[in-house]
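Each remark here refers to the structure printed beneath this line.
The values are calculated or read from the model by the stated rules, or taken from the named source; none is laboratory data. On a predicted model such as this, the values are computed, not experimentally measured, just so you know. Virtual Cβ from ideal backbone geometry, glycine too; neighbours counted across all protein chains shown. Side chains are part of the model used for accessible areas, which takes the heavy atoms of the whole protein and leaves out ligands, DNA and RNA. Shrake-Rupley method; radii C 1.70, N 1.55, O 1.52, S 1.80 Å.
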Amino acid sequence: MSEFNDIINQNKPTLVDFFATWCGPCRMQAPILEDVKSRVGDKANILKIDVDKNQELAAKYRVQSIPTLILFKNGTPVWHSVGVQQAGVLENVISENL
């Protein structure tokens, strides 16, 4: 948990994907996130949090449906979305928060 907090508290935007291994849409989101990571490089962090293994963290951010994507900057959620998001949308959201 402290490592998670250290990462999201950076000035660099951090996109967190709350997912589960059994979730079909979550599996669809995974390659999209890999594409986004290759496009934004070191400008942003991208984390995947398994809600089954991190129930306390999912509860803290009120994750009720998956995939849930939350963009943090300086520890504050600045964008939130539920469901699969396309790479262009995610790249734009990250760029707006650099």
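Annotations for the structure displayed:
- Residue-wise HN-Hα couplings along segment 67-74, as the Karplus relation 6.51 cos²θ - 1.76 cosθ + 1.60 with θ = phi - 60° gives them from phi, are x, 10, 10, 10, 9, 10, 9, 6 Hz; Gly and Pro carry x.
- For segment 12-93, trypsin sites (Lys or Arg not before Pro) meeting the loop criterion (DSSP other than H, G, I, E, B) and having at most 11 other Cβ atoms within 10 Å: 53, 62.
- Kirkwood Rh, Cα atoms: Rg over Rh of segment 53-98: 0.99
- Applying both filters, DSSP loop and at most 10 other Cβ atoms within 10 Å, to the chymotrypsin sites (Phe, Trp or Tyr not before Pro) of the chain gives 22.
- For the chain, accessible area per residue (1.4 Å probe, heavy atoms of protein chains only), Å²: 55
- Computed in the context of the full set of protein chains, the accessible area of the chain at 1.4 Å probe radius has 48% of its extent on carbon or sulfur.
- Rounded to the nearest 20 debye, the dipole size of the chain about its Cα centre is 120 debye, using +1 on the Cβ of Lys and Arg and -1 on the Cβ of Asp and Glu.
- log₁₀ of I(q)/I(0) at q = 0.18, 0.31 Å⁻¹ - segment 7-49, Debye sum with one point per alpha carbon: -0.53, -1.10
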